[in-house]
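Asker: Here's a structure for you.
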Amino acid sequence: MSRAEIIEKTLSALNKLPETKGGEVADFADFMVKKTEEQNLQSGIQHLIETSDAFAFLKDEEDLYTLEDLKEKF
């Protein structure tokens, strides 16, 4: 279903609802917009962290322990 069809279907359903229920739909739409914006922001931050060189020094650090240092293996 295309975006235009979804909008048309939603508007048709809204026109059939009482005004009080239409407000609930608007509140839900606002919630979905905010949720999408937060996901986009979180995704952007994650991308910045992954491509940043802030923790590059950890890649060059030698391992302090190996599997041979374990006393018990589960």
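Here, each number is a calculation from the coordinates, and none is a lab measurement. No experiment lies behind these values; they were computed from the predicted model shown. FYI the Cβ positions are ideal-geometry reconstructions off the backbone, even for glycines, and counts take in every protein chain you see.
Asker: How large is Rg/Rh for the stretch 1-56, to two decimals, with Cα atoms and a Kirkwood Rh?
Answerer: 1.29
Asker: Which shape class, rounded, prolate or oblate, goes with the stretch 30-74 when its Cα gyration tensor gives a ≥ b ≥ c as root eigenvalues, a/c under 1.5 marks rounded, and past that a/b bigger than b/c marks prolate?
Answerer: Details: a/c = 8.56, a/b = 2.13, b/c = 4.01.
Note, shape of the stretch 30-74 comes out oblate.
Asker: Moving on to the next point. Which one, T36, L11, L48, is farthest towards the positive end of the dipole of the chain when Lys and Arg carry +1 and Asp and Glu -1 on their Cβ?
Answerer: So the residue we want is L11.
Asker: Under a Cβ-only charge scheme (Lys and Arg +1, Asp and Glu -1), can you give me the dipole magnitude of the chain about the Cα centre, in debye to the nearest 20? Walk me through the numbers before you get to the answer.
Answerer: Working: 9 positive and 17 negative charges, 155 e Å.
The dipole magnitude comes to about 740 debye.
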